[in-house]
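Here the structure is laid out as structure tokens; the discussion comes afterwards.
The values are calculated or read from the model by the stated rules, or taken from the named source; none is laboratory data. Since the model is a prediction, treat every value here as computed from it, not as a measurement. Here the Cβ positions follow ideal geometry from the backbone for every residue, glycine too, while neighbour counts run over all protein chains shown.
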Amino acid sequence: MFRNRLQENQHQRAQQIFEERMAALFQRLPMLAGFCVERDLSVTEISVDTWPGWSPSEQLHEEIGRILDDLVDERPDTAELLRGRTFARALH
């Protein structure tokens with residue numbers, strides 16, 4: 001029972017850190033509307049709110065990837081929270 005409670009606390013802490021980092025990512029990149037993370041943790045399908053005809057640069061892909069890599073390096077348990085998910089600034 002103690003072990004289950006400890007694991008649950010660790011999972012809740014990982015979830016909290018994960019949510020804080022995602023909020024900080026969208027705050028840091030105000031043009032970022034959303035992105036997808038593949039099973040291998042690669043970033044795909046970046047969507048931005050900007051003028052027509054402008055598309056995300058490789059630098060934006062790299063920055064998002066670096067931020068996610070830093071999170072996983074710091075907290076490996078957050079990798080499963082990223083895999084195969086789509087993240088958006090807001091749901092409409």
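Could you pull out the residue among LEU71, LEU41 that is under 19 Å from LEU81 (Cβ atoms), in contact (Cβ under 8 Å) with a residue 24 or more places away in the chain, in contact with a Lys or Arg (Cβ under 8 Å, 6 or more places away or on another chain) and in a loop (DSSP other than H, G, I, E, B)?
The conditions single out LEU41.
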(request) Taking ARG83 as the residue in question, decide whether it is touching a Gly at 6+ places or on another chain (Cβ under 6 Å) and at pLDDT 90 or above. (result) no
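Residues checked against (1) aromatic (Phe, Trp, Tyr); (2) touching a residue at least 24 places away in the same chain (Cβ under 8 Å); (3) assigned to a strand (DSSP E or B):
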site: THR50; (1), (2), (3): no, no, no
site: TRP54; (1), (2), (3): yes, no, no
site: ARG66; (1), (2), (3): no, no, no
site: ALA79; (1), (2), (3): no, yes, no
site: ALA90; (1), (2), (3): no, no, no
(message) Given the options GLU20, GLU62, GLU58, name the one that is charged (D, E, K, R) and either in contact with a helix residue (DSSP H, G or I) (Cβ under 7 Å, 6 or more places away or on another chain) or within 21 Å of ALA90 (Cα to Cα) (or both).
(response) GLU20
(request) Find all pairs meeting these conditions: Cβ atoms under 9 angstrom apart; at least six residues apart or on different chains; first residue within the range 12-36 and in contact (Cβ under 8 Å) with a residue 40 or more places away in the chain and among the small types (Gly, Ala, Ser); second residue surrounded by fewer than 13 Cβ atoms within 10 Å (Cβ to Cβ) and part of a strand (DSSP E or B). (result) GLY34/GLU45; GLY34/THR86
(message) Condition (residue is within 12 Å of the chain's Cα centre (by Cα), within 20 Å of ARG85 (Cα to Cα) and surrounded by 15 or more Cβ atoms within 10 Å (Cβ to Cβ)) applied to the range 4-17: is it met by at least one residue?
(response) yes
(message) Please go through (1) surrounded by 15 or more Cβ atoms within 10 Å (Cβ to Cβ); (2) at pLDDT 90 or above; (3) among the hydroxyl-bearing types (Ser, Thr, Tyr) for SER42 and return the number of the only condition it doesn't satisfy.
(response) (1)
